[in-house]
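One structure is given below, encoded as structure tokens.
The values are calculated or read from the model by the stated rules, or taken from the named source; none is laboratory data. Keep in mind that this is a model prediction, so the values were computed, not measured. Cβ coordinates were reconstructed from backbone atoms using ideal geometry, including for glycine residues, and neighbour counts include every protein chain displayed. What goes into the accessible areas is simple: the full protein's heavy atoms, side chains included, and nothing from ligands, DNA or RNA. Shrake-Rupley method; radii C 1.70, N 1.55, O 1.52, S 1.80 Å.
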Amino acid sequence: MGVSRRAVAVRVEGIVQGVGFRPFVYGLATRLGLAGLVGNDERGVFIEVEGGSAPVEEFLAALTGDPPPLAVIERISTGPAPVTGRSTFVIAPSAAGGDRHALVSPDVATCDACLRDLTDPADRRCGYAFTNCTGCGPRFTIVRDVPYDRVNTTMAGFPMCADCAREYHDPADRRFHAQPVCCPACGPRLRFVGPAGAGDPLERAVRLLGEGGVLAVKGLGGYHLAALAADEPAVAALRSRKHREDKPFAVMAGDLAAARLLCAVDPAEERLLTGPARPVVLLRRLPDAPVAPSVAPGNRWLGVLLPYTPLHHLLLGALGQPIVLTSGNVSDEPIAYRDEDALERLGGIADAFLTHDRPIHIRTDDSVVRVFRGRDLPIRRSRGYVPHPLPLARAAPRPVLACGAELKHTFCLVKGDRAFVSHHIGDLENHETLRSFTEGVEHFRRLFDITPEVVAHDLHPEYLSTKWALDQDADLVGVQHHHAHVASCLADNGVAGPVVGVAFDGLGYGSDGTLWGGEFLVADLAGFERAGHLAPVPMPGGATAIRQPWRMAAAYLDLAYDGDVPQDLDVVRRNAGRWPAVVALARRGGNAPLTSSMGRLFDAVAAIAGVRDTINYEGQAAVEFEQLADPAVDEAYPCGLVPGGLVPAGARFAVPGVELVRWAADDLRAGVPRDVVAARFHNAVAGIVAAGCAVIREATGVSTVALSGGVFQNLLLLGRAVTLLEERGFTVLTHHRVPPNDGGVSLGQAAVAAARDAI
Ligand code: ZN
Ligand code: ZN
Ligand code: FE
């Protein structure tokens, strides 16, 4: 023992359990000739190292500089430890129940090392569909309870064989303490359910797909439906049996090279496609992409994902061509994930099933992400991301449960400075999704040991999430929908405000009981003031007007032309028979609630431009309208802001959407091409965002803008708005961790409730 010998105690917090952190530390310390120990406890990983000064320094540098790929180090602290003269490095046993608060990892796509095992004829896991290690495999979808041990996962029914047990207990092995470790001798097995035939389950499934069949495949978080992406009759059959008219299907390509044959992939998109979360990435489709027309009708974008389980790798490898991979459900029902239920519900859609005997504990849909200016813009945050907590800028004094909104529902639990946003529950409109929500809350409460004392909810009295919240025995906090959107953007960016929050979406319940959706708020986490909004218009027939955008066109045109709508407009001609009654309804009121929704304005102009009169999935008219717009067009329709006095009390300005409607209609009557009209409208809305924010900055001095709400999934609008705002010197916040749509609302509600609780 020389004078230079020293000992250091290290504590590492974050996602450091179940990701190969202890074997990594063990390997590093042993390689550097250091003695000491490493172990897991309720806070993460604790380490003591002892040895020469230089190797100890090297150890500490490597710890933060080169951790295992799946580890997320949130905090690391070091301090002196007593020099004891010990000579070995050991992995300390976990304290009983000590893993209780440790973080459960999201599911992780098959790693390169496991992929090599899968394809190496000499490896005992060659061709084995459930190969995994500490660096990859199922996690969140198989966890039943904490601590995260095999007995508390859906692998409990598969006792390890001697070979697997040896790997599991060997600190130097890649599978050390990998809870779902298994092999062909001891693990789950594939099963083919379908027409009789020769071959193993995989061969039969591949043959069925190759012959144009529709296959139900059991994945990580639920069943998918698959068909050859280039096979029009197969994809069309899948579409009609699933009762899904136009909503695009995602395509799974075998690898990055195969994805590049379908779409343009920039470096940021490549990182997402090939990363451990493996979301569906919305990519620019190549003009000659070999994809059947029914995959994504009339869509310039294509949702593409790469294989994320060994089963996908085997399937795609054997097929040698991309497949459609869409949720295993009928229409908008939740994705099937229990075997009996899947066989029953998907039996009429799929020609056969490729399934297995490892249960899925919790239904988890594929995540969907777009890339905006090189960064993630989540559309749906679920598999691969959940339940990784999002950090809050300031800790919540008491634990919070935020119940979310209705469509694209999520909930959120907060303890301290960690926000656990749930997986995608679906549209909270029926008993089944409500049960997914309440069971999900119970599951999260157990996993993360959170007993909420504060319950946050939307103000909409008819949302099932609101009704459920009002029954809870806790301190209730009602959060206005668009304030929640803006707060979610603040929390997403770790900012407290104040900001100018621009929340554009379909609909949300306003503080005054009317339907909002085109809002300029001056907000921080605790509160907001409504500084401006789109001028309200009637929604003839209420919810029917959401499904029939031509009704919004009728209401808007009637106002835009003062009751004297030009009869030569195509939208009028197409709907001539039903037009007068709807205009009368709009004028009379009654079942025509007023709304300031930006989504409804997009619907109206889309219908006027001939995009469509009715929709068959949420937001369809706006989605197609964005694609129609010619991005080369820079002109915009002029649109002034109507100052304060003319609009409801407290607001500083209103945006007269009718002016944009009249400009667009006049253009179309004058023969201006539809794609130019669409572009001029988008540019005008971007201009309104910038102008509204400038007015508010003038009055308040606030120069940071947060853009949120489902309308900002529109990349053309988002891009133009950010550019204009930045040109005017604003700092602009957009979404990167949670979606701008209602999937992000629960995080916003939680942030608001936590901030109010701290006052
Ligand atoms: Zn692996
Ligand atoms: Zn085994
Ligand atoms: Fe919303």
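Quotient of the Cα radius of gyration of segment 5-91 and 2.2 N^0.38 Å, N being its number of residues: 0.97.
For segment 432-443, 3J(HN,Hα) computed residue by residue from phi via the Karplus equation (6.51, -1.76, 1.60; θ = phi - 60°) reads 5, 6, 4, 5, 4, 5, 5, 5, x, 4, 4, 4 Hz, glycine and proline entered as x. Each Cα pair under 8 Å and six or more residues apart adds its sequence gap; the mean of these over the residue count of segment 199-325 is a relative contact order of 33 percent.
For the chain, what's the relative contact order in percent, using C-alpha pairs closer than 8 Å and at least 6 residues apart? The partial results should precede the final answer.
Numbers: 1781 pairs, mean separation 85.5, N = 759.
It comes to 11 percent, rounded to a whole number.
With a 1.4 Å probe rolled over the protein heavy atoms of all chains, the accessible area of 242, 467 falls in the order 467, 242, largest first.
Can you count the Lys pairs in the chain whose Cα atoms are under 25 Å apart, with each pair 8 or more apart or on different chains?
Working: 218/242; 218/247; 218/408; 242/408; 247/408; 408/467; 415/467.
Pairs that pass both the separation and distance tests number 7.
Tell me the angle of helix 481-493 to the major Cα principal axis of the chain, expressed in degrees between 0 and 90 and rounded to the nearest ten. Tilt of helix 481-493: around 40 degrees. Computed packing ranks the peptides 413-419, 160-166, 683-689 as 683-689, 413-419, 160-166, most packed first, by mean other Cβ atoms within 10 Å.
Peptides 206-218, 338-350 ranked from most to least packed, by the mean per-residue count of other Cβ atoms within 10 Å: 206-218, 338-350.
The mean accessible area for residues of segment 5-91, using a 1.4 Å probe and ignoring ligands and nucleic acids, is 42 Å² per residue.
Taking segment 563-668, which GluC sites (Glu not before Pro) meet the DSSP loop condition and have no more than 14 other C-beta atoms within 10 Å? For GluC sites (Glu not before Pro) across segment 563-668 that sit outside H, G, I, E and B with at most 14 neighbouring Cβ atoms in 10 Å, the list reads 635.
Quote the relative contact order of segment 592-695 in percent (integer), defining contacts as alpha-carbon pairs under 8 Å separated by 6+ residues. Walk me through the intermediate numbers first.
On the way: 114 pairs, mean separation 32.1, N = 104.
Rounded, it is 31 percent for segment 592-695.
Among 47, 556, 717, which residue has its Cα positioned farthest towards the positive end of the charge dipole of the chain, with +1 placed on the Cβ of Lys and Arg, -1 on the Cβ of Asp and Glu, and the dipole taken about the Cα centre? The listed residue farthest towards the positive side: 47.
Please give the charge dipole size of the chain, origin at the Cα centre, charges +1 on K and R Cβ atoms and -1 on D and E Cβ atoms. Round to the nearest 20 debye. Value, rounded to 20: 640 debye.
Counted over the chain with a bin width of 10 Å, the fraction of Cα pairs per bin, in whole percents, is 3, 14, 22, 24, 19, 11, 5, 2, 0, 0. Residue 545 sits among other residues whose Cβ lies under 10 Å from its own Cβ, and their net charge, with Lys and Arg +1 and Asp and Glu -1, is +2. Measuring nothing but protein heavy atoms, the accessible surface of the chain at 1.4 Å probe radius is 52 percent carbon and sulfur. Extent along the principal axes, Cα only, for segment 502-735: 51, 41, 32 Å, with the longest axis given first. A cut-off under 11 angstrom between Cβ atoms defines the neighbours of residue 274, and their net charge, with Lys, Arg +1 and Asp, Glu -1, is -2.
Determine the sum of side-chain charges near residue 288: Lys and Arg each +1, Asp and Glu each -1, restricted to other residues whose C-beta is under 15 angstrom from that of residue 288.
On the way: positive: 260, 284, 285, 300; negative: none.
After counting each charged neighbour, the total is +4.
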